[in-house]
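The values are calculated or read from the model by the stated rules, or taken from the named source; none is laboratory data. Model, not experiment: these values are computed from the prediction. Note that we place each Cβ from the backbone using ideal geometry, even for glycine, and neighbour counts take in every protein chain shown.
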Amino acid sequence: MSLRSSWKGFIRLSLISVPVKAYPASVSAGAVRLNQLHEECHSPIKYKKVCPIHGEVTSDAIVSGYEYAKGQYVEIDPEELSKLRSKSEKAITIDGFLRPEQLESIYLGPKTYYLAPDGPVGERSYALLQTAMAEEGLYAMAQVVLSRKERLVVVRPYGRLLTMTTLYLKHEVRALECFDDLVIDAASSADELSLLRELMASRTAEDFDFAKYKDAYQEKLTELIEAKVEGQEIVSSPSTSEPEILNLMEALKKSVAMTEDKSVATEKKSTSATESKRSRSGRAPKTKSAAPKRKVTAPKTKVAVPRVRRQVSGRRKKAS
């Protein structure tokens, strides 16, 4: 898989410069996007740039401006904006280092990038910085210009790489004190705390698997599109009732009991599977137990979204 960088520059620490390339850590592949269509003819809706006095205008006739009063604008020239930019736009300038516990997670922004060395010239200095930060357990606070805006970022070691995550500034995050009136100091009994700790312990995974979490909505949306393209009847999902509001102690007891029942069922299933495996290998199981029957279902054929779009567009051409 070929990787395409979204930013190129260098990490600057005092007189040290490390050439790097930035790659977005998140991917949007597989996301289904819906288009707006005219209900009558299914033609795609288009948006035009229109002046209320002169009608539609081209991009070269548009300038930037700021509305300082109702209907009053001051025009900002591109050259004036360029003078405001830092001369070191292509630098991730490290301001200092901090311990991970000193950075509150509430300030972590939405964008994270992998930083990789840009060519053989920067490999040694990159490895030196990454190793030192990893061994000392330190993060670096830095500033960089991204998308024409100066941003505060944190550079962190991750595996053999360095990552860069955008941060919210202090004034961009609501203070905790704003929610003081929404939270009350409610006393909890020892029994309630004990049951809750038991429930939490039973649901604490020793080996956490992040890959088990999927985007169920996107999967259902893809299936819906595939079914409509193939002309199948759409069956709505059964409605789910609102959860019953239980007494807190009663809810804790039921939750713990459900977790224990699930653990017993999982243990029995694991034992049966082990005995079945021994039986197939020619060794007699310790206890006679029939292997659980498995329900066989035909695998669903997945249709790639790009093919779905071509079929939809093809149908639209026939309709027109």
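Which is farther than 17 Å from ARG12 by Cβ and at pLDDT below 90, of LYS83, LYS111?
Working: LYS111 fails: at pLDDT below 90.
When all the criteria are applied, what remains is LYS83.
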State whether the residues of segment 122-139 include one that is at negative phi, touching a residue at least 24 places away in the same chain (Cβ under 8 Å) and either part of a strand (DSSP E or B) or exposed (fewer than 10 other Cβ atoms within 10 Å of the Cβ) (or both). yes
Which of the numbered conditions does ASP95 fail, given that it passes all the others? Conditions: (1) of a type in the set (D, E, K, R); (2) more than 25 Å from VAL173 (Cα to Cα); (3) part of a strand (DSSP E or B). (2)
Filtering segment 17-62 down to residues that are modelled with pLDDT of 90 or more, part of a loop (DSSP other than H, G, I, E, B) and closer than 30 Å to ARG124 by Cβ yields ALA25
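From the set of residues in segment 136-189 that are of a type in the set (Gly, Ala, Ser) and under 21 Å from ARG99 (Cβ atoms), which is farthest from the chain's Cα centre (by Cα)?
Taking segment 136-189 first, the residues of a type in the set (Gly, Ala, Ser) are 137, 140, 142, 147, 159, 175, 186-189.
Of the ones still in play, those that are also under 21 Å from ARG99 (Cβ atoms) are 137, 140, 142, 159.
On the way: GLY137: 25, ALA140: 23, ALA142: 23, GLY159: 19 Å.
The qualifying residue farthest from the chain's Cα centre (by Cα) is GLY137.
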Yes/no for VAL32 being under 24 Å from THR222 (Cα atoms), surrounded by 10 or more Cβ atoms within 10 Å (Cβ to Cβ) and within 29 Å of the chain's Cα centre (by Cα): yes
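For residues that are acidic (Asp, Glu) and either in contact with a Leu (Cβ under 6 Å, 6 or more places away or on another chain) or part of a helix (DSSP H, G or I) (or both), scanning just segment 221-272, find the one that is modelled with the lowest pLDDT.
Looking only at segment 221-272, we keep the residues that are acidic (Asp, Glu), and these are 223, 226, 230, 233, 242, 244, 250, 260-261, 267.
Now narrow it down to the ones that are either in contact with a Leu (Cβ under 6 Å, 6 or more places away or on another chain) or part of a helix (DSSP H, G or I) (or both): 223, 226, 250, 260-261, 267.
Details: GLU223: 83, GLU226: 84, GLU250: 80, GLU260: 74, ASP261: 70, GLU267: 64.
The extreme case among them is GLU267.
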From LEU146, LEU128, which residue is closer than 15 Å to VAL18 by Cβ, of a type outside the set (Val, Ile, Thr) and assigned by TED's automatic domain parsing to the domain that holds VAL20? LEU128
Result of the Cβ filter at 8 Å on segment 57-81, keeping first residues that are outside the structural domain of SER147 (by TED's automatic domain parsing) and partners that are in a helix (DSSP H, G or I), at least 6 apart or interchain, is SER64/PRO78; SER64/LEU81
Here the qualifying pairs (Cβ atoms under 8 Å; residues six or more apart or on different chains; first in segment 202-216 and under 20 Å from MET258 (Cβ atoms); second surrounded by 10 or more Cβ atoms within 10 Å (Cβ to Cβ)) come out as SER202/VAL256; SER202/THR259; SER202/GLU260; SER202/SER263; ARG203/THR259
Only one of TYR158, TYR213 that is among the aromatic types (Phe, Trp, Tyr), surrounded by 10 or more Cβ atoms within 10 Å (Cβ to Cβ) and out of contact with any strand residue (DSSP E or B) (no Cβ under 7 Å at 6 or more places or on another chain): TYR158
Here are some residues: ILE92, ILE45, ILE62, ILE53. Which one is of a type in the set (Val, Ile, Thr) and within 30 Å of GLU136 (Cα to Cα)? ILE92
